[in-house]
Amino acid sequence: MTSPSALHALAAEKKPAATDVVLAIHGGMADDEEDVSEEEAKALREVLAESLRSGHQRLMDDDASIDAVETAIKVLEDSPLFNAGKGAVFTFEGRNELDASIMEGKEKRAGAVAGVTIVKNPISAARAVMEKSPHVLLTGRGAEVFATKAGLEIVDPGYFWTLPRWKDIEDRWRKARSRAGKQSAVERKSDREATGDVHWGTVGAVAVDGQGNLAAGTSTGGMTGKMYGRVGDSPIIGAGTYADNEGCAVSCTGHGEFFIRFAVSHEINALVKYKGLSVAEAVERVIGKELEDAGGNGGAIVLDAQGRFSAAQNGDGMYHGWITRDGRVETRLWEK
Ligand code: ASP
């Protein structure tokens, strides 16, 4: 077993990806690079940069990390390019069921919604649950009634329909039909448990303000072809999202069932808070080792109260970016 002092030594060696960061975002696990055209890659970078600039502006205006997180995520939710809000994937039944959560690291207040179908910006509904309800997580119809009463923008479920995501689910149906024709009952059962052909693209943000208050948020359409009522890690505090001023702010993306089982965002925070690992070391350890060894695909972005930022993913890439206090923007698609 690695001794605490050895872990500390390791932490000291591992540098963050960037320092002086006030806001970082992700747009989920990257598609195969060869499937994304140059124009699409350019558009992805542009939306990431717009999200960062909007969140940064909000931070400069109000100096509240929670505002920066909500603002940045709303930009990504409103873009059809990401699997959240407008670009959400379809369930196997051909519906869009959206999940989101938000948390602040000072008092550890948190809010989340799951399975909503008519709330334009689920991240704002999550924030309303945190600030205006006595609860942490509201689901389905209840969450929608609550969001409506909170005065949030409500849309027809058709708002979330986009052609690329509809093609994904059609493709999924075709594959399911052809497999059903060829396979035995035992094989069909394992198919239902498989995740193949998902569209990643969940979005998330982490931020720190001038008081050292951290915040984190995550928003998603989930996984293409998910079962009715399936809830992933994104609205689960400690799985997809966590913020703790004494540790770090974390937002995750990837195969949600693994992130729930491994309590990924809380695990990363615990390594920083109790073991003294750097954010770089903690995220690498959980994503690059624990999750990787278990076969869970995904990634996370992590920020501490000193503005040290790191990201790790165990796939082909993760769309992400960050902005420093003085407004320098960096975006990454497949670059390590
Ligand atoms: N983590 C999300 C979920 O399982 C999916 C994703 O990140 O793409 O719902």
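The values are calculated or read from the model by the stated rules, or taken from the named source; none is laboratory data. What you are looking at is a predicted structure, and each value in this text was computed from that prediction instead of being measured. As a convention, Cβ positions derive from the backbone with ideal geometry for all residues, glycine included, and neighbour counts pool all protein chains shown. Just so you know, the surface numbers come from the protein's heavy atoms only, side chains and all, with ligands and any DNA or RNA stripped out. Shrake-Rupley method; radii C 1.70, N 1.55, O 1.52, S 1.80 Å.
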Q. Does Leu163 satisfy being open to solvent by 10 Å² or more (accessible area, probe 1.4 Å), farther than 16 Å from Gly204 by Cβ and free of Cβ contacts under 8 Å to residues at least 40 places away in the same chain?
A. yes
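Conditions (1) in a strand (DSSP E or B); (2) open to solvent by 40 Å² or more (accessible area, probe 1.4 Å), marked per residue:
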| position | (1), (2) |
| --- | --- |
| Gly288 | no, no |
| Ile301 | yes, no |
| Gln306 | no, yes |
| Asp316 | no, yes |
| Tyr319 | yes, no |
| Asp326 | no, yes |
Q) Yes or no: Val47 in a helix (DSSP H, G or I), more than 18 Å from Ala215 (Cβ to Cβ), of a type in the set (A, V, I, L, M) and free of Cβ contacts under 8 Å to residues at least 40 places away in the same chain? A) yes
Q: Within region 239-256, count every residue that is in contact (Cβ under 8 Å) with a residue 60 or more places away in the chain and within 8 Å of the ligand (Cβ to nearest atom).
A: 4
Q) Looking at region 72-111, which of the residues that are part of a helix (DSSP H, G or I) and among the basic types (Lys, Arg) is nearest to Val231 (Cα to Cα)? A) Lys86
Q. Counting just the residues of region 216-226 that are part of a loop (DSSP other than H, G, I, E, B) and small (Gly, Ala, Ser), which one comes out farthest from the ligand (Cβ to nearest atom)?
A. Gly225
Q. Somewhere in region 1-20, is a residue surrounded by 17 or more Cβ atoms within 10 Å (Cβ to Cβ) and either of a type in the set (Asp, Glu) or modelled with pLDDT of 95 or more (or both)?
A. no
(Q) Could you list, ordered by first residue, the pairs with Cβ atoms under 9 Å in which the first is in region 281-307 and within 17 Å of Arg261 (Cβ to Cβ) and the second is open to solvent by 10 Å² or more (accessible area, probe 1.4 Å) and acidic (Asp, Glu), at least 6 apart or interchain? (A) Arg285/Glu267; Val286/Glu267; Glu290/Glu267; Gly296/Glu257; Gly296/Glu290
Q) Among (1) more than 28 Å from Lys273 (Cα to Cα); (2) part of a helix (DSSP H, G or I); (3) of a type outside the set (D, E, K, R); (4) open to solvent by 10 Å² or more (accessible area, probe 1.4 Å), where does Met130 come up short? A) (1)
Q. Within region 210-239, can you find the residues that are surrounded by fewer than 19 Cβ atoms within 10 Å (Cβ to Cβ) and on the phi > 0 side of the Ramachandran plot?
A. Gly212, Gly229
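Can you tell me which residues in region 227-238 are part of a loop (DSSP other than H, G, I, E, B) and either among the acidic types (Asp, Glu) or more than 7 Å from the ligand (Cβ to nearest atom) (or both)?
Met227, Tyr228, Gly229, Arg230, Val231, Asp233, Pro235, Ile236, Gly238
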Q | Residue within region 253-270 that is buried (at least 19 other Cβ atoms within 10 Å of the Cβ) and under 28 Å from Glu38 (Cβ atoms) present | A | yes
